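A short worksheet on the structure shown next.
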Amino acid sequence: MTDQATIPGPGVHVLTDEEYFSPALSAATLSSTGARVLLAPGGPARFRHQADTGTVEVKREYDLGHVVHTLVLGAGPEPVLFPGTGANPEAWQKTADKEAVAALRAEGKVPLRPADWATAHAMAAAVKAHPLAAKLLTRGQPERTLIWRDEATDVLCRAKADWLRPDGIVDLKTTESAAPEALSKAALNYGYAIQAPFYVRGFRDRFPGGEPFFAHVSVEKAAPYLVHVTQLGPRSIAYGDRKVSEALEIYRDCTASGVWPGYPLDEITEIDVPAWVRTEEW
């Protein structure tokens with residue numbers, strides 16, 4: 001059961017990751033990540049399980065990105081340089097090292113090996129040295145959570161902006177490639193096309209008037225740590241906005257009925273091999 005006393009009302013809030021991803025807030029609100037889960041096959045059942053149990057996977061490969069966020073934005077979990085005490089400082093092989101790393105994580109800190117530590121600082125320096133990225137990240141506030149109620153569905157929504165400006169939102173991404181083609185694929189594969197219109201809805205609700213922008217600052221994980229500032233085109237935004245509306249309606253209907261369906265229970269689903277392998281003889 002969600003403790004309503006722990007749910008912040010509509011507004012702009014400063015929440016830690018633990019508060020933002022808490023089971024109580026996750027069960028009572030819809031995020032852009034939750035919207036993407038709902039839209040996938042079997043999504044409602046998976047969404048309900050994650051919201052009720054708080055079992056959103058925390059991947060350690062995200063540690064580098066978390067540290068870059070902290071170094072660039074000046075907010076976020078504290079990074080800690082932690083070399084291994086064995087022959088190889090890049091390995092946490094000893095029991096004492098593993099226990100120390102676990103203790104740091106339990107304190108909400110992010111331990112990094114020396115190589116990743118150096119990479120994170122180089123990436124952050126590249127972002128700060130990029131003229132446009134630096135300009136976008138000078139006005140505003142870091143790590144601000146928007147909470148609003150969707151007018152059409154009455155669904156309470158939440159979004160955590162990396163950088164909240166008076167005129168829009170800047171999202172900082174770490175990536176293998178910041179080339180336009182790679183970022184276009186990421187917009188679909190990682191849900192950026194849904195994230196952008198979802199966040200813009202929250203901005204408009206909290207700050208009526210004007211037309212807010214949503215920009216990505218992407219920095220590559222390998223030298224020379226290239227930085228690319230991008231935003232989705234109008235057709236992608238329109239597509240994403242339709243998907244956001246669809247997710248909100250699914251959430252509303254499932255909440256009202258108490259039914260969060262997974263895969264079909266009473267019929268066999270017919271499948272075929274992917275279209276890209278089909279030939280003329282198919």
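Selection of first residues in segment 112-128 that are without any contact (Cβ under 8 Å) to a residue 12 or more places away in the chain and of second residues that are loosely packed, with under 14 Cβ neighbours inside 10 Å, restricted to Cβ pairs under 6 Å at least 6 apart or on distinct chains, gives an empty result.
Conditions tested, residue by residue: (1) at pLDDT below 85; (2) polar (S, T, N, Q); (3) not in a loop (DSSP other than H, G, I, E, B).
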site: 36; (1), (2), (3): no, no, yes
site: 46; (1), (2), (3): no, no, yes
site: 56; (1), (2), (3): yes, no, no
site: 64; (1), (2), (3): no, no, yes
site: 72; (1), (2), (3): no, no, yes
site: 85; (1), (2), (3): no, yes, no
site: 91; (1), (2), (3): no, no, no
site: 97; (1), (2), (3): no, no, yes
site: 104; (1), (2), (3): no, no, yes
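Of the strands (runs of 3 or more DSSP E) that lie entirely inside segment 144-222, not one contains 3 or more residues that are hydroxyl-bearing (Ser, Thr, Tyr) and within 14 Å of the chain's Cα centre (by Cα). The single residue among 176, 211, 220 that is modelled with pLDDT under 95 and either of a type in the set (Asp, Glu) or surrounded by fewer than 16 Cβ atoms within 10 Å (Cβ to Cβ) (or both) turns out to be 211.
Being outside any helix (DSSP H, G or I) and either of a type in the set (D, E, K, R) or over 18 Å from the mean Cα position of the chain (by Cα) (or both), is that true of even one residue in segment 114-129?
no
Of the residues 26, 31, the single one that is modelled with pLDDT under 90, within 17 Å of the chain's Cα centre (by Cα) and not basic (Lys, Arg) is 26. For segment 217-254, name all the residues that are free of Cβ contacts under 8 Å to residues at least 60 places away in the same chain and polar (S, T, N, Q). Selection gives 218, 230, 231, 236. Note on segment 229-282: among residues that are among the aromatic types (Phe, Trp, Tyr) and not in a loop (DSSP other than H, G, I, E, B), the one that is surrounded by the most Cβ atoms within 10 Å (Cβ to Cβ) is 251. A search for C-beta distances below 6 Å between a residue of segment 68-81 that is of a type outside the set (A, V, I, L, M, F, W, C) and any residue that is in a helix (DSSP H, G or I), counting only pairs 6+ apart in sequence or on different chains, returns 76/69; 76/70; 77/66; 79/67; 79/70. A count restricted to segment 167-206 and to residues that are touching a residue at least 40 places away in the same chain (Cβ under 8 Å) and under 25 Å from residue 14 (Cβ atoms) stands at 21.
Contact map, segment 21-47: residues that are on the phi > 0 side of the Ramachandran plot paired with residues that are modelled with pLDDT of 95 or more and surrounded by fewer than 18 Cβ atoms within 10 Å (Cβ to Cβ), Cβ distance under 8 Å, separation 6+ or inter-chain. Pairs shown: 42/261; 42/262; 42/263.
The values are calculated or read from the model by the stated rules, or taken from the named source; none is laboratory data. Just so it is clear, the structure is predicted and the values come from calculations on it, not from any experiment. As a convention, Cβ positions derive from the backbone with ideal geometry for all residues, glycine included, and neighbour counts pool all protein chains shown.
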